[in-house]
1. Provide the gained length on full extension for the span Ser226 to Leu92, in nm with one decimal, where the gain is 0.36 nm per separating residue minus the Cα-Cα distance.
2. Cut-off is 10 Å between beta-carbons; in what order do Ile107, Ile169 appear when sorted fewest neighbours first?
3. Among 210-220, 135-145, how do they line up from the highest to the lowest mean number of other beta-carbon atoms within 10 Å?
4. Helix 16-27 versus the longest principal axis of the chain: what angle, 0 to 90°, nearest 10, using Cα atoms?
5. Hey, what angle do you get for helix 174-198 against the long axis of the chain, alpha-carbon based, 0 to 90 degrees rounded to 10?
6. Can you pick out the pairs among Lys25/Lys161; Lys65/Lys95; Lys69/Lys110; Lys60/Lys95; Lys31/Lys53; Lys39/Lys100 whose Cα atoms lie more than 20 Å from each other?
7. Which one, (1) 1.02; (2) 0.97; (3) 1.10, gives Rg/Rh (Cα atoms, Kirkwood Rh) as derived from the coordinates shown?
8. Tell me the label-point distance for the pair Tyr76, Asp137, using the 7 Å Cα-to-Cβ offset, in nm and rounded to one decimal.
Amino acid sequence: MNAVLRPGNTHSSTDAADFVQQTFKLLGEHKVKFARFDKGFGGEEFYSLWESKGIGYVGKLKWTKRLAKEVQACRYWTRYVDEDWIIEGITLIYKATSWKKARRVAIIRKAQVFEDGQGRFVLDTDWQYEAIVTNLDWMPMDLWRFYNQRCCMENYIKEVKDGFSIHRIATSDFKANELDLLIKLLSYNLFERFKRDCCEPVHQCYTIARFRREFFHCAATLIQHSRTVVLKLMENFAGRYAWKRIEAKVALLE
């Protein structure tokens, strides 16, 4: 929906609120119900923006010594999973030094269970802690699971890196590089729409690399005749008939 190219020495949260506001304008009448973001984004201005618009947010919070000290004072944890791994959670009202007000923070901790033949035990030093700041009143486990669904975003980023090379710096000019980024992201969006509208269900999960391998990496001859260029594909390549059906759907779009 939106993207911006920034210098490499810029922190993730710099001008993040302005970027979100710009994205809202692009969305128009489409409403945002929830937001997820990692610990690179945060701060009073960023959180206040979601709160002012009534949007539920779930964001990873940096694990600081100050936060850890407050968590250590908590004694009553709710256990959600009690198997090979134990998962427990609590909530507290916490105010970071840069915040103007206190906010709800959910803490999830995980530890692996050890067995010595006589019983099961967990070492206090083995707990792994995660903190999530939110304006939702959900249980810590629900917040944690909801946040973890954000992981699919990493796959989208990987696809536009590997398939469309957004991580490659094309020129020495910053504005030209930003335009290059936006064109590549437009190509990615067109490919996703093309799969949804023109491809068969089996192909809709294909990455661009696999799509190229299945349909474009095949023997062919380029023929020029009477000022016309014709691409003659190999007569019986594996995806020939599927490609013909895709071609027919593309033609209908016109």
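1. On the way: separation 134, 0.36 × 134 = 48.24 nm, distance 7.61 nm.
Fully extending the segment from Ser226 to Leu92 adds 40.6 nm.
2. Fewest-to-most Cβ neighbours within 10 Å comes out as Ile169, Ile107.
3. Sorting 210-220, 135-145 by mean packing, highest first, produces 135-145, 210-220.
4. 50
5. Helix 174-198 sits at roughly 80 degrees to that axis.
6. Among Lys25/Lys161; Lys65/Lys95; Lys69/Lys110; Lys60/Lys95; Lys31/Lys53; Lys39/Lys100, the Cα-Cα distance tops 20 Å for Lys25/Lys161.
7. Working out Rg/Rh (Cα atoms, Kirkwood Rh) from the coordinates points to (3).
8. 1.8
None of the figures in this text is laboratory data; all of them are computed from the coordinates on show. Worth saying up front: this structure is predicted, and the values here are computed from it rather than measured. In this analysis, Cβ positions are derived from the backbone assuming ideal geometry, glycine residues included, and neighbour counts consider all displayed protein chains.
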